[in-house]
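Reading through the structure tokens given below for one structure.
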Amino acid sequence: MKKIAILTSGGDSQGMNTAIRAVTKAAINKGMEVYGIRRGYKGMLEDQIFPLTLLDVSGIADKGGTILLSARLPEFKDPEVRAKAAANLKKYGIDGLVVIGGDGSFHGAHYLYEEHGIKTIGIPGTIDNDVAGTDYTVGYDTALNIILDAISKLKDTATSHERTYLVEVMGRNCGDLALYAAIAGGASGVMIPETESSIDNIADVIRKRRAEGKLYDIIVVAEGVGNVMQIKDELAKKVDTSIRVTILGHIQRGGAPTAFDRILATRLGVRAVELIEEGKGGLMVGIQSEEVTTHKLSYAWENYSKTSASDYAIANMLSL
Ligand SMILES: Nc1ncnc2c1ncn2[C@@H]1O[C@H](COP(=O)(O)OP(=O)(O)O)[C@@H](O)[C@H]1O
Ligand SMILES: O=P(O)(O)OC[C@H]1O[C@](O)(COP(=O)(O)O)[C@@H](O)[C@@H]1O
Ligand SMILES: [Mg+2]
């Protein structure tokens, strides 16, 4: 009988629980024995490994966070640390490992396969959408919708006080959350790390908007661009509107996953189990043009080059 384990690693994202449920149910359905690992690679190293049952994953498809808990273990970059963690899995006779996490977690899964032959399959789970080989990561859609809800609320108060709001959103070095929140939220400007932004341009747009009689401005700033307070100070030198900063922070990582994220997590979870059943490892699953696809884990970072130049142009064109 095949034995597989599941862990969640890095920043949690909405839909991780949905993926855990899908993997567990699919694997049990195929006659596999399933183990959960608490606290990501840290728990793998510290032997926090336990049998996962159908009851454990019952009723969690709509819950944010991760029942397996998540952690970051920088020491996992050390091959000796990985060897100790891999030995723990082998102790239980576990040969397949589903890693739900982002680009960092996929590095760890890649090395476990290359160095120790553990059949790792990565499911992209991060709000950042910074993984190549998938159009969307699990959690991104939910985080995007949280940002849109926040922008709507900020528009109300911004209008009442005729203010300019700088809204900082997460994403590490990826501007997807900011760019698509700006487009869907009808923002007056966006700053992303992939494209050089000019405060002068933003100031220009604000002045034009005000000249047209518009009463508010919402500028979405990706965290990867830099310090939003400094951006505020620079902007304040160029416009005479009252400026406020809202940093959305970890609110973006919580709450119930959207239908999109639940369906995505479920499809990817089931495919991950099928791949292990086929004896495959060192792979990631993703969604590309509506189809579930597989790539080598290293594809996730080696091919990462989301430029989104045309969508950036659209966001700017509609900012006035
Ligand atoms: N280069 C690497 N080699 C091995 N393990 C890594 C590497 N980078 C990250 N990891 C592991 O993956 C964990 C999660 O990575 P992180 O970048 O924080 O989140 P995410 O997986 O969501 O991108 C790290 O704490 C570490 O344990
Ligand atoms: O939760 P922390 O440690 O404050 O980390 C915040 C970071 O985690 C994220 O929410 C998710 O990033 P990862 O998926 O790479 O862990 C980033 O958007 C953000 O920069
Ligand atoms: Mg990441």
Exercise for review: Over region 230-320, calculate the relative contact order: mean separation of alpha carbon pairs under 8 Å at least 6 apart, over the residue count, as a percent.
Suggested key: 14
Revision key, fill the gap. Quick shape check on the chain: root eigenvalues a ≥ b ≥ c of the Cα gyration tensor, a/c under 1.5 is rounded, otherwise prolate if a/b tops b/c, else oblate, and it reads prolate
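Charges at C-beta only: +1 for Lys and Arg, -1 for Asp and Glu. How large is the resulting dipole of region 140-253 about its Cα centre, in Debye rounded to 20?
So the magnitude is around 340 debye.
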Practice item. Can you tell me the relative contact order of the chain? Whole percent, Cα pairs under 8 Å, sequence separation 6 or more. Key: 24
Check your understanding: What order, most packed first, do the peptides 48-61, 170-183 have when packing is the mean number of other Cβ atoms within 10 Å of each residue?
Key -> 170-183, 48-61
Practice item. Using only the C-alpha atoms of region 140-253, find the volume of their convex hull and express it per residue in Å³. Key: 87
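Just so you know, all these numbers are worked out from the coordinates, no wet-lab data involved. Being a predicted model, the structure only gives us computed values, none of them experimental. Cβ atoms come from the backbone with ideal geometry, glycine included; neighbour counts cover every protein chain shown.
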